[in-house]
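The values are calculated or read from the model by the stated rules, or taken from the named source; none is laboratory data. Computed from a predicted structure; not experimentally measured. Using ideal geometry, Cβ is built from the backbone for each residue, glycine included, and neighbour counts are taken over all protein chains shown. SASA here: full protein model, heavy atoms, side chains in, ligands and nucleic acids out. Shrake-Rupley method; radii C 1.70, N 1.55, O 1.52, S 1.80 Å.
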Amino acid sequence: MTIIINMKDKIDERKLKVAARLIREGKLVAFPTETVYGLGADALNERAVKRIFEAKGRPADNPLIVHIADFSQVHELAREVPEEAEMLAKKFWPGPLTIVLPRREVVPKVTTGGLDTVAIRMPAHEIALKLIELSERPIAAPSANISGKPSPTSAEHVVDDFYGKIECIIDGGETRIGVESTVIDLTEWPPVLLRPGGLPLEEIEKVIGEVRIHPAVYGKKVDLAKAPGMKYRHYAPNAEVIVIEGPREKVEEKIRELIAEFKRKGKRVGVIGSGRYNADEFFFLGNTVEDVARNLFKALRHMDRAGVDVVLAEGVEEKGLGLAVMNRLRKAAGYRIVRV
Ligand code: TXA
Ligand code: MG
């Protein structure tokens, strides 16, 4: 049975205590963060963490992020904490930044996908922070979606994927950022960006200087031992997704052309973007890159439900949050990209 706790309007500490107790008992609790919903379990409980992998259908070598509510927990989880980690944490935590550090033995290898490092983040969401505090455990939480599907930005998305399969879902309304956290590896020098996300790379570089972008961020096929999450197909709706990249006007022109072409072939076409189109389904993402990030996964899930054959997606400029948006879009498209 799945308990759904509604906490959209205000935090109910008594109900959160129930969820926290479930975490302590090794159960699975989905909860909101500022990025996307997480599927949480006690990060130090091997059996509980194994259940996360089973529920998601997640490959065992794809490590989880461990969520904390207080900086002191970093020292309990990580063997070494470089000065840069402290600088970043001070500036950006709680927030959409995940830091990879050398793992301490207390963190089971199941949690870290067999790696000798551990990814840590302090989420900027009152419900998440309170849940971690009350459970008195670090909470391992991947995005609360079935492996390969778009990440959930509302409790409804979590219900769609996990109702009846996990013990509890805390509904905190729609998430504010909408793409997952930025993941940075500080076990190497210079630091490596493993996944662009809710915190723009430019902000990080202001604090610790130049960061190397892992080539897999752009979909290059390389040695993925360090960033196992990147080798799996992701965010993919059932429809064929195509990203159209280039200057704004040319992109819109190309999309209109492709709509006509696919319609001639008898296909149902969906478009996601900010322009206006005459497609079978259209999901308006918004006018700013923040809006686009916030609505992206919802749009992809919408297209699935609408049952279109093809989704055409407008590309955005790859700066600020745009780097994360393009990374997710290209993955969703399986790197089918049209450049104009
Ligand atoms: O915003 C987020 O990060 C959300 C919320 C729930 O916090 N969580 C999330 O988790 O997106 P997940 O599991 O969907 O993505 C975690 C990413 C994966 O790409 C994984 O490979 C990478 O972080 N990761 C985790 N631990 C790692 C490690 N030790 N070394 C390298 N990459 C790691
Ligand atoms: Mg995920």
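Some values worked out for this structure:
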| item | result |
| --- | --- |
| Count - residues of the stretch 207-219 that are closer than 20 Å to PRO142 by Cβ and part of a helix (DSSP H, G or I) | 2 |
| Condition check for VAL179: under 26 Å from GLY26 (Cβ atoms) and out of contact with any Asp or Glu (no Cβ under 8 Å at 6 or more places or on another chain) | no |
| Within the stretch 95-122, tally of residues that are free of Cβ contacts under 8 Å to residues at least 40 places away in the same chain and within 11 Å of ligand 1 (Cβ to nearest atom) | 3 |
| Extreme residue, nearest to the chain's Cα centre (by Cα), among residues of the stretch 104-119 that are open to solvent by 10 Å² or more (accessible area, probe 1.4 Å) and within 16 Å of ligand 2 (Cβ to nearest atom) | ALA119 |
| Which listed residue is away from ligand 1 (no atom under 12 Å from the Cβ) and assigned by TED's automatic domain parsing to the domain that holds GLU180, from GLU46, GLU34 | GLU46 |
| Cross-chain or 6+ apart pairs with Cβ under 7 Å, the stretch 173-193 first and under 30 Å from GLU80 (Cα atoms), then modelled with pLDDT under 95 and within 16 Å of ligand 2 (Cβ to nearest atom) | LEU193/VAL217 |
| Condition check for GLY95: more than 16 Å from ligand 2 (Cβ to nearest atom) and over 28 Å from ILE5 (Cα atoms) | no |
| Residue list for the stretch 120-151, filter: within 14 Å of ligand 2 (Cβ to nearest atom) and within 14 Å of ILE52 (Cβ to Cβ) | ALA140, ALA141, PRO142, SER143, ALA144, ASN145, ILE146, SER147 |
| Any hit, the stretch 182-199, residues being under 14 Å from the mean Cα position of the chain (by Cα), open to solvent by less than 20 Å² (accessible area, probe 1.4 Å), under 23 Å from THR2 (Cβ atoms) and hydroxyl-bearing (Ser, Thr, Tyr) | no |
| Enumeration of residues in the stretch 61-77 that are surrounded by fewer than 17 Cβ atoms within 10 Å (Cβ to Cβ) and away from ligand 2 (no atom under 16 Å from the Cβ) | ASP70, PHE71, SER72, HIS75, GLU76 |
| Total residues in the stretch 284-293, condition under 20 Å from TYR37 (Cβ atoms) and open to solvent by 20 Å² or more (accessible area, probe 1.4 Å) | 2 |
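The rows are residues; the columns are (1) buried (at least 20 other Cβ atoms within 10 Å of the Cβ); (2) within 12 Å of ligand 1 (Cβ to nearest atom); (3) not β-branched (Val, Ile, Thr).
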{"position": "ILE139", "(1), (2), (3)": "yes, yes, no"}
{"position": "ASN145", "(1), (2), (3)": "yes, yes, yes"}
{"position": "HIS157", "(1), (2), (3)": "yes, no, yes"}
{"position": "GLY164", "(1), (2), (3)": "no, no, yes"}
{"position": "GLU180", "(1), (2), (3)": "yes, yes, yes"}
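Each row is one residue, and each column tells you yes or no for (1) open to solvent by 60 Å² or more (accessible area, probe 1.4 Å); (2) of a type outside the set (A, V, I, L, M, F, W, C); (3) touching a Lys or Arg at 6+ places or on another chain (Cβ under 6 Å).
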site	(1), (2), (3)
ASP9	yes, yes, no
PRO32	no, yes, no
TYR37	no, yes, no
GLY40	no, yes, no
ARG79	yes, yes, yes
GLU83	yes, yes, no
GLU86	yes, yes, no
PRO102	no, yes, yes
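Listed here are the residues, each with its yes/no results for (1) closer than 24 Å to LEU199 by Cα; (2) open to solvent by less than 10 Å² (accessible area, probe 1.4 Å); (3) outside the structural domain of THR182 (by TED's automatic domain parsing).
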site	(1), (2), (3)
ARG248	no, no, yes
GLU252	no, no, yes
ARG256	no, no, yes
VAL269	no, yes, yes
ASN278	no, no, yes
ASN295	yes, no, yes
ASP304	no, no, yes
VAL311	no, yes, yes
VAL316	yes, no, yes
